[in-house]
Amino acid sequence: MSICTRRCLFLLERCKNMKQLKQAHGQVITCGLGENSFALSRLLAFCSHPNLGSPIYGFKIFEQIQEPTICIFNTIIKCFLLKGEFNRITEIYKNMLKIGMYPDNYTLPYVLKACGRMKSRHLGELIHGQILKLGFLIDIFVGNTLIGFYTGFDNVEAAKSVFYEIPCNCVVSWTVLISGYAKRGDVYEARLIFDECLVKDRGVWGSMISCYVQNNCFKEGLKLFRQMQMSGIEPDEAILVSVLSACAHLGSLDIGIWIHRYVEKLRMSIKSVKLGTAFVDMYAKCGCLDIAEKVFDKMLQRDLICWNAMISGFAVNGNGLKALKLFNEMQSSRIRPDEVTFISMFTACSYAGITNEGLNLLNLMCNVYHIEPKGEHYGCIIDVLSRAGLVEEARKIVQNMPNSSVPSEEAIAWRALLSASGNHGLVDLAEAAAERIVKLERHSGAYVLLSNIYVAAGKHDNARRIRKKMKSQYIDKVPGCSSLEMNGVVHEFIAGEKTHPQLVQIHELLETINNQLDNSTHILHDSDH
């Protein structure tokens, strides 16, 4: 290799921006490397860089190549994939086939990913046909991408068929398939696949734990986490984030604290954005705002989700003024609030009783940040107004809100108005709200609330009529559910169910407490005479 060639290739590797690349491109041509596949692939590779490159310039280079190799084709396809120009990828792929060039195990995954991003299931199925024809299903990389493609379209049956057609599945295959079932919400099938996997790495364990947590099976997620530890697998950041989310939803503070100590033992950085945010959310939802705030303050970087977690923590724990202060700090830090931020802020104003601030925030949301309020936002605002006794103003807001294409969204606001009407004894308004809710969705909540309002107003006949209507239309009341943590174990109780293993002992203890209360009442009653 000549000195000129070595210098030229060295310059290509040292490029920091497109200006330098163009200069290096000039050197490539003057050194006689204009048709050199390696030099051209290096030029195209830089053009594919998501931040520094230019796919347009890369395509100009590509068009001038007389006989591009499969490596050149793959590089330009990857270039457009990283830049999100998926239609260009299909054009290049078609041209490649026209000139008699066959794809390899790099080309096919790139094109499949482009089909998935374009939501073109039909085109992806055609690529699947070519994969079978060319015999690439034995390639793990191609097979896993195909499984991921089908799960992206919620076609887990096709993904499963591909999975079992691959001669030798690796742990990635199991992970992708479990994740596919998780997206669909099919926890049972995901667990069957998980149990079938003989060699489980951290990714397989993590995908199943995440599946449980995503689908609100928090106790099962924590149980599986313990099993993973017993098998000798150390968790990564993603697994810990899932487990902390389960702790947050269950209010399992003891387990959350243990995980905090465990993370410190592993010398993992709690200051990272994802893990730090998970700890902030867990401590805030468990009512430990002081610890949540300490974790939040120590974090070196904070994204929008992190700010939202801390603001929501203050809001749901009734510290509206601190939530408002943090919201102002967030804006000063040039973090743009989103829909979730404003829901938390309206909740904070409701609990703190700061009605004017709530209305100001609604104006800020609509006219400054141009965020269209949804049912949840209207529901929160109605709660803010009703707590201040401004039910008439709340009614006007609900009646004037734009019609939503999603009936359940609109129903949220009407349910809030129904609740407000009941709290203030406005039976006529409650009836009108309930009537609107029933038109929007089939749900027992409106009937139950209206029935309770009738009872509170002394209209027992109307309450009985509502109950009969529920029975005649086969509308069942959703059973209440509560959970209690004792000694690191979460116990769940569902109204009407008798599944808890210690239910007999619990009833005996409750009966003993009731008898003692009755005796205390008799003693106090006798002492008054």
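The values are calculated or read from the model by the stated rules, or taken from the named source; none is laboratory data. The structure displayed is predicted, hence computed values, not measured ones. Cβ: placed from backbone, ideal geometry, glycine included. Neighbour counts: every protein chain shown. Side chains are part of the model used for accessible areas, which takes the heavy atoms of the whole protein and leaves out ligands, DNA and RNA. Shrake-Rupley method; radii C 1.70, N 1.55, O 1.52, S 1.80 Å.
May I ask you to list the residues in the stretch 152-167 that are assigned to a helix (DSSP H, G or I), among the aromatic types (Phe, Trp, Tyr) and open to solvent by 30 Å² or more (accessible area, probe 1.4 Å)? The answer is Tyr164, and nothing else. Based on what the data block shows, is Arg334 closer than 23 Å to Lys274 by Cβ and without any contact (Cβ under 8 Å) to a residue 12 or more places away in the chain? Yes: the conditions hold for Arg334.
Among residues of the stretch 266-284 that are part of a helix (DSSP H, G or I), those with a Cβ under 8 angstrom from a residue that is small (Gly, Ala, Ser) and open to solvent by 50 Å² or more (accessible area, probe 1.4 Å), sequence gap 6+ or separate chain, pair up as Lys274/Ala238; Leu275/Ser269. Only residues in the stretch 313-325 that are open to solvent by 60 Å² or more (accessible area, probe 1.4 Å) count as the first member; pair them with residues that are polar (S, T, N, Q), Cβ under 9 angstrom, at least 6 apart or cross-chain, and list the lot. Here the result reads Val316/Ser344; Val316/Thr347, each pair linking the stretch 313-325 to a residue that is polar (S, T, N, Q).
Hey, any hits in the stretch 17-30 for a residue that's within 30 Å of Phe149 (Cα to Cα), out of contact with any strand residue (DSSP E or B) (no Cβ under 8 Å at 6 or more places or on another chain) and not charged (D, E, K, R)? Break it down stepwise before answering.
Start the filter on the stretch 17-30 by keeping residues that are within 30 Å of Phe149 (Cα to Cα), which leaves none.
No.
Annotation: of all residues in the stretch 208-218 being part of a helix (DSSP H, G or I) and under 14 Å from the mean Cα position of the chain (by Cα), the one that is surrounded by the fewest Cβ atoms within 10 Å (Cβ to Cβ) is Gln214. Kindly establish whether Tyr188 is hydroxyl-bearing (Ser, Thr, Tyr), more than 25 Å from Val340 (Cβ to Cβ) and either open to solvent by less than 40 Å² (accessible area, probe 1.4 Å) or modelled with pLDDT of 90 or more (or both). In short, yes.
Using the structure shown, decide if Ile259 is assigned to a loop (DSSP other than H, G, I, E, B) and either in contact with a strand residue (DSSP E or B) (Cβ under 6 Å, 6 or more places away or on another chain) or of a type in the set (Val, Ile, Thr) (or both). Please lay out each step first, then the result.
Numbers: assigned to a loop (DSSP other than H, G, I, E, B): no; either in contact with a strand residue (DSSP E or B) (Cβ under 6 Å, 6 or more places away or on another chain) or of a type in the set (Val, Ile, Thr) (or both): yes.
The answer is no for Ile259.
Listed by first and then second residue, the pairs with beta-carbon distance under 8 Å, at least 6 apart or on different chains, first residue in the stretch 171-200 and assigned to a loop (DSSP other than H, G, I, E, B), second basic (Lys, Arg) and surrounded by 19 or more Cβ atoms within 10 Å (Cβ to Cβ), form an empty list.
Do we have Cys170 as open to solvent by 10 Å² or more (accessible area, probe 1.4 Å) and within 27 Å of the chain's Cα centre (by Cα) here? Reasoning before the result, please.
Numbers: open to solvent by 10 Å² or more (accessible area, probe 1.4 Å): yes; within 27 Å of the chain's Cα centre (by Cα): yes.
It is true that Cys170 is open to solvent by 10 Å² or more (accessible area, probe 1.4 Å) and within 27 Å of the chain's Cα centre (by Cα).
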